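Heads up: the structure comes next, in structure tokens.
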Amino acid sequence: EPTSSDKLNVIQTQCPFCSVQCKMQVTITEPAEGSNRLSYTIEGAANAASEGRLCVKGMNAHQHATSTERLLHPLIKRGGKFVEATWEEALRTIRDRFQATSQTYGPDAVGVYGGGSLTNETAYLLGKFARIALGTKYIDYNGRFCMSAAASAGTKVFGVDRGLTCRLADIPLAKCIILAGTNIAECQPTLMPYFTKAKENGATIIVIDPRVTATAAIADIHLQVKPGTDAALANGLLKAIEEEGLLNEKFIGEKTSGFYELKKNISTIDIDQIAELTGISEADIRKAAIAYGKADTGIIFTARGVEQQTDGHMAVRGFLNLVLATGKIGKPGCGYGAVTGQANGQGGREHGQKSDQLPGYRSIENEHDRAYVAKVWGIDPAMLPRKGVSAYEMMELVHQDVIRSLFVMGSNPVVSNPNATLVEEGLAKCEFLVVADMFMSETARMADVILPVTSYIENTGTLTNLEGRVLLRESNVQAPGGTKNDWAILCELAALLGHESYFPFQNAEQIFEELRVASRGGLADYYGITYDRLRREGGVYWPCPSPDKPSSGIMFQNFFPHPDGRAVFTVVESRAPQETPCEQYPLTMTNGRVLSHYLTGVQTRRSKTLAARNMDNFIEIHPKTAKQYWIEEGEWVVVQSRRGSFTVRSRYSDQIREDTVFVPMHWGGAQNVNRATSPELDPNCKMPGFKTSVVSIIPLRLQ
Ligand code: SF4
């Protein structure tokens, strides 16, 4: 324990590595004798979401922020090499090149690509920057790969998309919990005690996952489903609920619409066929359906395993049908949760960095919404560009020379997009690429100008965690070197582009004040939230339309925000993925996270402790399958699909289906799983089918 005289600074902050947003205290102390390195002590801090817990990522989140690899000055590429530049030089270069692109090809030739880890203030400002300072319709962000399926399904079914419709604290009240395609034990570890507590209280835990994950280890029922068949499985569960007489007729009659059409469809569902398709026996489907249907309370969670499919939107709607059919929503211990992955996965999707969206979940195609936001921004609504395209479609437009200059903030699209080879080719020929990042990421390496940004420790702002609770992360730490806050960069660049009056902000709180007003009356209404209130209350749930009223964590207690007040049932047509295993590509590849890494690993690969846990990427494969393809444990293998290939080490596991392999998503270059993933998109929400690419594998030594 450092003495008070050793302490240089004590910082209250939030972990940057997932959507729980655990609060923490970082104590910085003098170097020990004989050393010149400051020492850091990390402790969890009390808060309602994580109750003071931290996982290994949080405990080591200071390491990348203090890494010697931090970019500290703007860089401009000259003659193929990066050279240090002043901010004035870098920003003037960007202004000149963006203006030249816009004058030659029109404003839509400049694109903006954001991220789900940006604060609410930066996400809001990025949308405003794209539409006012650049006048482009092309803005989207990496959350498209994270939340789009659940968000669009939630909006269609409930009328609004808030990740968790209840509070985290309600989880132990649930008597049955379905965790579909979510590995909380590795992705949001500090939430696990809520589930173990529920289990102690007698809850049945059902896990749906092709792998026996650390989360599946606590399951009472594990449905080890074939990848890409979750929508069908949800239909099977619904059919069994109906056959077992477990429908909540009162709730269906009073609170929902569309059940009549769905009922007709249910009669056509054959559980035996679904068992065949999903690989789950009829008995297990029925057992799970009875456990959920009979329980007095229950919560269903979905995450990327269900959502990152080319019918992810429909798969989520299938699970929402179960919630409505049993009336398990709008009361304690009941609800639905889309388990967000990114640090601000919830807030990042609410304030306008999506191609079809304006702040407060307003629609960019709705004339009333356009007029409202235009008034807040002080512009003519006609100045607001229309809807653009989704993140991967933007990359296709870069490849097709439609988007000729690109501004990337807080994202690493070369690694995170499907079909990474096409993305890499596109960015290589992009006429002018700007990247704002803390590190020389795989995308930054390809840039013409790199702008160094502050880390979470140095940047004040709000983030909205997975339960829809807005949290204030304050900082009194000096930005290192020449780094700047991302929102400040946007203000300076906007001023250089001649739009200073729209971007007069001196601090994050001033941006939040405008965001509050811009979101007022929208579905994600932040009007009642202020920095002072966040300081006083520790966090506030949205919707929060009034500064002096409490906000509620439990949604839909009385009505759903559809015009008739009812939630909507949907007939779920499960659609097979375009790709299915064949002679040439016999295995289905799914991807995901490991405990010690975050997103594309730009930050966690620069943390010594976290990187040491997984230095290289790997492919998890069943030993029987491995033997079939002459693959030894731990050897390098080449994984090939119709798009391309990557090279990783094999890792045997008898915890995965024999027809499926799993590869983490945290590495770039030759180890990038996305060199092989399919770019087929869900037609409803444009989510790529990351979880259902088919591949072949051969040992590198046999190539
Ligand atoms: Fe908490 Fe998530 Fe950070 Fe772990 S990674 S400490 S669960 S916010």
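Readers should treat all values here as calculations from the given coordinates under stated rules, not as data from a laboratory. Bear in mind the structure is a predicted one, so any value in this text is a computation, not a measurement. For neighbour counting, all protein chains shown are included, and Cβ atoms are generated from backbone atoms with ideal geometry for every residue, glycine included.
The table for this structure:
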read-out	value
Pair residue 595, residue 200: separation of 7 Å Cα→Cβ label points (nm)	2.0
Cα gyration tensor shape for segment 432-549, rounded if a/c is under 1.5, else prolate or oblate	prolate
Spacing of the two label points (7 Å from each Cα toward its C-beta) at residue 536 and residue 649, in nm	5.4
Charge context of residue 564, other residues only, Cβ under 15 angstrom, K/R +1, D/E -1	+2
Those residues of segment 122-155 whose amide nitrogen sits under 17 Å from the label point placed on residue 573, 7 Å along Cα→Cβ	none
Inter-part distance where segment 272-335 and segment 346-393 are each reduced to a Cα centre, Å	33
Linear extension gain, residue 249 paired with residue 36, 0.36 nm per residue minus alpha-carbon span	69.8 nm
Peptides ranked, highest mean first, by Cβ atoms within 10 Å: ranges 556-562, 320-326, 251-257	320-326, 251-257, 556-562
Under 13 Å from residue 294, Cα to Cα: aspartates and glutamates that are on another chain or at least 8 residues apart	242, 243, 244
MRE, 222 nm, helices only [DSSP H, n ≥ 4, -39500 (n - 2.57), over the chain, to nearest 500]	-8000 deg cm²/dmol
Fraction of beta bridges assigned by DSSP in the chain that are antiparallel (%, nearest 5)	50
Reachable lysines from residue 549, criterion Cα separation under 22 angstrom, eight or more residues apart if same chain	331
From phi via Karplus (6.51, -1.76, 1.60), per-residue ³J(HN,Hα) for segment 33-46 in Hz, x at Gly/Pro	4, x, 10, 10, 9, 5, 10, 10, 10, 10, 9, x, 10, 4
Rounded FRET efficiency, nearest 0.05, which uses the C-beta distance separating residue 257 from residue 642 and R0 of 51 Å	0.75
Förster radius 51 Å - calculated FRET efficiency between residue 217 and residue 421, Cβ distance, rounded to 0.05	0.90
Sites residue 632 and residue 445 - FRET efficiency at Förster radius 41 Å, r taken between beta-carbons, to 0.05	0.80
Gained length - residue 557 relative to residue 45, 0.36 nm times residue gap less alpha-carbon distance	181.2 nm
Gyration tensor (alpha-carbon) shape descriptor, segment 269-325, a/c threshold 1.5	oblate
Tensor-based shape of segment 587-702 (alpha-carbon gyration tensor, a/c under 1.5 rounded, otherwise prolate or oblate)	oblate
Residues with amide H under 5 Å from that of residue 656, placed H, sequence gap 5 or more	212
Other-chain or far-sequence residues with amide H under 5 Å of residue 406's (modelled H)	111, 432, 433, 434
Cut-off 17 Å (backbone N to label point 7 Å along Cα→Cβ of residue 700), residues of segment 593-619	614-619
Label-point separation in nm, residue 9 to residue 67, each point 7 Å along Cα→Cβ	1.9
Listed residue pairs exceeding 23 Å between alpha carbons, taken from 226/624; 23/128; 263/287; 137/429	23/128
Full-stretch length increase - residue 510, residue 400 - with 0.36 nm per residue and alpha-carbon distance subtracted	35.7 nm
Cut-off under 5 Å, modelled amide H: who pairs with residue 453 long-range	437, 438, 484
